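The values are calculated or read from the model by the stated rules, or taken from the named source; none is laboratory data. Source: prediction; values computed, not measured. Here the Cβ positions follow ideal geometry from the backbone for every residue, glycine too, while neighbour counts run over all protein chains shown. Just the protein is used for accessible areas: all its heavy atoms, side chains included, with ligands, DNA and RNA removed. Shrake-Rupley method; radii C 1.70, N 1.55, O 1.52, S 1.80 Å.
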Amino acid sequence: MRVLVTGAYGFVGNAVVRRLAEAGHDTVALTHRPADAPVPELPVSRVFRGDIRDGDALREALEGVQGVCHLAALTRVRESFERPEEYEAVNAGGTVTLLDALAAASAGSQAPTVVLGSTAAVYGAPEHQPIGEDTVPAPSNPYGTSKLAADRALQARAETGAIKAVSLRCFNISGAVSGKGDADESRIIPKAVAVAAGRYPQLEMNGDGDAVRDFVHVDDLARAYVMALEANTPASCRVYNVGATPASMREIVATVERVTGRGVPVLHRPPQPEPPRLVADISRITADLGWKPERSSLEQLVSDAWSVVSADSH
């Protein structure tokens with residue numbers, strides 16, 4: 001099918017585009033990079049430039065499209081506290097603009113499938129672990145709130161029959177595909193490998209590092225996008241958690257040291273009021289789509305992240 005990927009040149013978009021092309025789909029890309037900014041090589045048939053909030057740019061990009069992987073978003077939790085209105089405008093408002101443009105572009109044709117890149121941040125910090133998709137959302141930051149609004153807009157549109165919708169609620173994404181890793185060093189694995197590479201003197205950690213989070217390789221996540229897009233299901237709207245490997249902050253540091261053969265000095269900060277454990281229940285996506293992680297061992301996540309950082313530092 002012809003598939004539009006918004007945010008195609010981001011960390012996740014890059015991996016999704018490559019998996020779509022491998023599966024034989026005709027992929028077109030939307031990027032907000034300006035017209036004079038070069039874009040890396042990607043297996044796409046066309047590149048459209050424009051903001052996700054610009055209906056005119058979207059209408060052109062959506063011509064003849066049967067599926068959309070919607071990845072364009074602002075994604076930094078801490079930053080969302082400083083810029084809540086912008087997060088709402090891009091993540092929620094941009095999704096509504098996309099859905100409106102898609103409705104206009106696909107009027108009279110078969111309902112297209114939209115796969116939304118959502119987030120575990122919509123759940124907040126539930127006591128019951130692992131977290132299932134039926135957990136009542138209670139986001140604890142503006143980022144999670146804006147993505148929950150996008151989720152709900154998608155669901156409302158699916159209930160009218162205008163689209164088939166899948167929301168992938170991703171936990172922590174890491175690893176790398178084709179030399180592109182996660183550039184956001186506010187996250188634990190990118191920061192730890194950057195410390196190992198000598199770019200920073202130390203890694204700051206709250207408390208003793210016992211907090212456990214769930215990690216998934218970006219390539220495993222990209223496979224989930226393709227499977228969600230291709231799944232033939234009567235349900236108009238489906239929600240899936242995508243996680244793989246629970247790991248504590250201490251385990252991550254130890255793995256980075258083992259994989260890189262370098263020390264990662266840690267500066268322990270006072271403990272913060274944060275959930276001790278946030279782990280995904282992935283039984284639904286496994287049962288429905290047959291998806292399971294293949295590259296998400298902690299060793300592989302760190303090795304692939306390190307391969308990008310070590311190549312950059314040479």
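Of the residues making up segment 80-119, those that are touching a residue at least 60 places away in the same chain (Cβ under 8 Å), under 18 Å from the mean Cα position of the chain (by Cα) and over 20 Å from residue 229 (Cα atoms) are 80, 88, 92.
Counting the residues of segment 29-50 that are under 18 Å from residue 94 (Cα atoms) and not in a loop (DSSP other than H, G, I, E, B) gives 5.
Taking the conditions exactly as written (hydrophobic (A, V, I, L, M, F, W, C), out of contact with any strand residue (DSSP E or B) (no Cβ under 6 Å at 6 or more places or on another chain), in the same structural domain as residue 236 (by the TED database) and within 26 Å of residue 235 (Cα to Cα)), does residue 92 satisfy them or not? Answer is yes for this residue.
Set side by side, the residues 192, 224 differ, and just one is among the small types (Gly, Ala, Ser), over 19 Å from the mean Cα position of the chain (by Cα) and at pLDDT 95 or above, which is 192.
For segment 188-231, name all the residues that are open to solvent by 10 Å² or more (accessible area, probe 1.4 Å) and among the acidic types (Asp, Glu). 204, 208, 210, 219, 230 - these are the residues of segment 188-231 that are open to solvent by 10 Å² or more (accessible area, probe 1.4 Å) and among the acidic types (Asp, Glu). Residues that are in contact with a Gly (Cβ under 7 Å, 6 or more places away or on another chain) and assigned to a helix (DSSP H, G or I) within segment 100-134 comprise 100, 101, 121, 122, listed in sequence order. Taken residue by residue, segment 6-22 has at least one member that is assigned by the TED database to the domain that holds residue 149, basic (Lys, Arg), crowded, with 16+ Cβ neighbours inside 10 Å and in contact with a helix residue (DSSP H, G or I) (Cβ under 9 Å, 6 or more places away or on another chain). Hey, any hits in segment 244-255 for a residue that's open to solvent by 70 Å² or more (accessible area, probe 1.4 Å), assigned to a helix (DSSP H, G or I) and not assigned by the TED database to the domain that holds residue 118? Yes, there is a match, as at least one residue in segment 244-255 is open to solvent by 70 Å² or more (accessible area, probe 1.4 Å), assigned to a helix (DSSP H, G or I) and not assigned by the TED database to the domain that holds residue 118.
Touching a His at 6+ places or on another chain (Cβ under 7 Å) and crowded, with 22+ Cβ neighbours inside 10 Å: is that true of residue 175 in this structure? When the stated conditions are applied, residue 175 passes them.
Of all residues in segment 29-52, those that are at negative phi and charged (D, E, K, R) have Cβ atoms under 6 Å from Cβ atoms of residues that are open to solvent by 70 Å² or more (accessible area, probe 1.4 Å) and in a loop (DSSP other than H, G, I, E, B), 6 or more apart or on another chain, in 49/35; 51/32.
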